[in-house]
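Notes for the one structure printed next.
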Amino acid sequence: MRRKVNAAKQSRPSRRQVSLWEGFRNYYAAKRAVFLLLFIAIPAAAWSLGWVHSAGQQLALKGESVLASSGFVVKDILVEGRKQADPKTILAAVGSTRGDSIFACDPMGSKERLEKITWIQSATVQRRMPDTIYIRLVERNPIAIWQNDGARYLVDEHGAVIENFDAQEFKHLLVVTGGAAPKHAKDLLDSFNEFSELREQVKSAVFISGRRWDLIMKNNVRVKLPEKNIPVALTHLQRLDKEHRLTDGRVATIDLRLPDRSFLYVQGNEDDKKNKGKIT
């Protein structure tokens, strides 16, 4: 037993050996800690003082200068699909002019700015190396003129409102009034797809209480349409007009809101029962 114990004692390191090993390990641990601290602290300080940002800007400017000297400058700005949008407004939204570095153009940012122009529904912007910026526009398609608070605007099929237009160019469009009229104008016009002759007699349309339309004919006869099934009511109106010539000006109001009967108001006073007639 004593021999085993002595052997065990002999296998243990001396105090001097342990002390040297611990010192060696602590030295390298401290060195790693200092290295990690410097690795984190120096870039953080450089960033906070703006050195990295400034150096990045300088490198970017130098890079653009080198690329520009190599021929990567804007020589042409091609725009397709433009009919109504103002060219100067388009160029301002793109933000690039001839002579600029082509890499200074931001296609996504330009697209977002272009689509804020009221005439433009969608836009595509591309850098075509080495010297061309390509712009493809899809402009809005006006279908009606919205009259609101004394001002007039164009309205497209999605209900979007377009400002700054040539009134003479779009004088053929139907004039609609009412706060929610732009959103419902397309549905009304679609109802006239099979009634082109009747549509030509309509001067304007009023959206009533956000629910239904009144038509104002060119001879100032007012036609009250139902909330639903407008084509059915227009079929009935067309038949009545052919049989009784109701839109020749003698009748002031034609009420088609009920599906099984129509009411006519001759003198324009809808509360005067003497002047009201019923046609089924």
If Ile279 passes every condition in (1) among the aliphatic types (A, V, I, L, M); (2) over 23 Å from Glu200 (Cα atoms); (3) modelled with pLDDT of 90 or more but one, which one does it miss? (3)
Which condition number in (1) at pLDDT 95 or above; (2) farther than 30 Å from Lys116 by Cα is the one that Val161 fails? (2)
Is there a residue being surrounded by fewer than 18 Cβ atoms within 10 Å (Cβ to Cβ), in the same structural domain as Ala151 (by TED's automatic domain parsing) and of a type in the set (Phe, Trp, Tyr) anywhere in the range 212-230? no
Only strands (runs of 3 or more DSSP E) wholly contained in the range 102-151 count here; list those with 3 or more residues that are within 18 Å of Phe72 (Cβ to Cβ). 120-128, 132-139
Positions within the range 194-234 being free of Cβ contacts under 8 Å to residues at least 12 places away in the same chain and among the polar types (S, T, N, Q), in sequence order: Ser196, Ser209
Please list, ordered by residue number, the helices (runs of 4 or more DSSP H) wholly in the range 153-264 having 2 or more residues that are closer than 15 Å to Pro142 by Cα. 181-191
Scanning for something closer than 25 Å to Ile162 by Cα and either modelled with pLDDT under 55 or part of a helix (DSSP H, G or I) (or both), does the range 65-87 turn up at least one residue? yes
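The values are calculated or read from the model by the stated rules, or taken from the named source; none is laboratory data. None of the values given here were measured: they were computed from a predicted structure. Methodologically, a virtual Cβ is constructed for each residue, glycine included, from the backbone with ideal geometry; neighbour enumeration extends over all protein chains shown.
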